[in-house]
Amino acid sequence: MLENNCLSYWYPKVAGLVPTPETLIIRTQLNLEEFVEHYNRKDELLATDFYGKLLRACNRIGYPVFLKTGHFSGKHNWHNTCYLETSDDLLKHVLKITEMSMCTGFGLPTNVWAVRDVLPVTRYFVAEQYGNLPISKEVRAFIRDGEVQCMHPYWPSEVIKQGMTVISSTFDAVYESLCEINENDKKQIDSILASIGPVFKGYWSVDMLKSANGKWYLIDMAAGDLSFHWESCEYKKDIRLLSDAYSFS
């Protein structure tokens, strides 16, 4: 199941089919965990073919880039993990993402990496406790055998609040705006889901983000029963307990 969650599995199926951030995939056979466990060896990583490919991919996409493994970005530690502004910090971010991947409930693979374009977004909140993570308009849909089962705002309000140092009196109004989906939004979202539906059998979550210019992009997919699902949804019963260890990657 985990191999299908990898970006290297689902991204080639949707690239060119629906709007997605520009993405370059790099594979490695290196045991990156060794460089975390033996931190004094970290500089050895700089001379590897893997690091060189990552560096070239970042230069090709253009900074800032969004850096992640095939399974994990660590976005709740935004400025120390997935959001990379300069090549000077690449090694540090690779090691931090690797370390956090090791610390998940069951350990996530680090043999596939992706360098992605950072889409411009409208920021509704900034979560300082999550490394100044910008909170923008996103939705998560669940599809089963190509049919849309349900769709929810990506960000529960309590998760945003946990990441903020100060909760302003306007929070509820701004959060309502964050979750609002207008007719044009719905049209674009429906088009994305209709386009990928015939390609994916089984149960999937599909994450989509609205860019600052109003265009929606498919940014992530995962097995539906490994994905966070709102407790209030009638379809929550379809989700296995494993989802709690894998949510908000």
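The values are calculated or read from the model by the stated rules, or taken from the named source; none is laboratory data. Everything numeric here is computed off the predicted structure, so don't read it as measured data. Every residue, glycine among them, receives a Cβ derived from its backbone with ideal geometry; neighbour counts consider all protein chains shown.
Structure data summary
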item: Segments classed as helices (runs of 4 or more DSSP H), wholly inside segment 87-198, with at least 2 members that are of a type outside the set (A, V, I, L, M) and under 25 Å from Ile61 (Cβ atoms); result: 90-102, 183-196
item: Tabulated pairs, segment 177-204, first closer than 14 Å to Ala141 by Cα, second modelled with pLDDT of 95 or more and assigned to a helix (DSSP H, G or I), C-beta under 7 angstrom, 6+ apart or interchain; result: Ile196/Val14
item: Residue in segment 1-38 that is farthest from the chain's Cα centre (by Cα), counting only those that are in the same structural domain as Asn111 (by TED's automatic domain parsing), in contact (Cβ under 8 Å) with a residue 24 or more places away in the chain and assigned to a helix (DSSP H, G or I); result: Phe35
item: Segment 104-129: number of residues that are of a type in the set (S, T, N, Q) and more than 20 Å from Ile26 (Cα to Cα); result: 3
item: Residue count, segment 76-101 (criterion: surrounded by 18 or more Cβ atoms within 10 Å (Cβ to Cβ) and closer than 13 Å to Val115 by Cβ); result: 7
item: Residue in segment 120-129 that is in contact (Cβ under 8 Å) with a residue 40 or more places away in the chain and more than 20 Å from Ala212 (Cα to Cα) present; result: no
item: From Lys201, Lys161, residue being at pLDDT below 95, loosely packed, with under 15 Cβ neighbours inside 10 Å and not aliphatic (A, V, I, L, M); result: Lys201
item: Of all residues in segment 102-145 being among the aromatic types (Phe, Trp, Tyr) and surrounded by 20 or more Cβ atoms within 10 Å (Cβ to Cβ), the one that is nearest to Trp78 (Cα to Cα); result: Tyr130
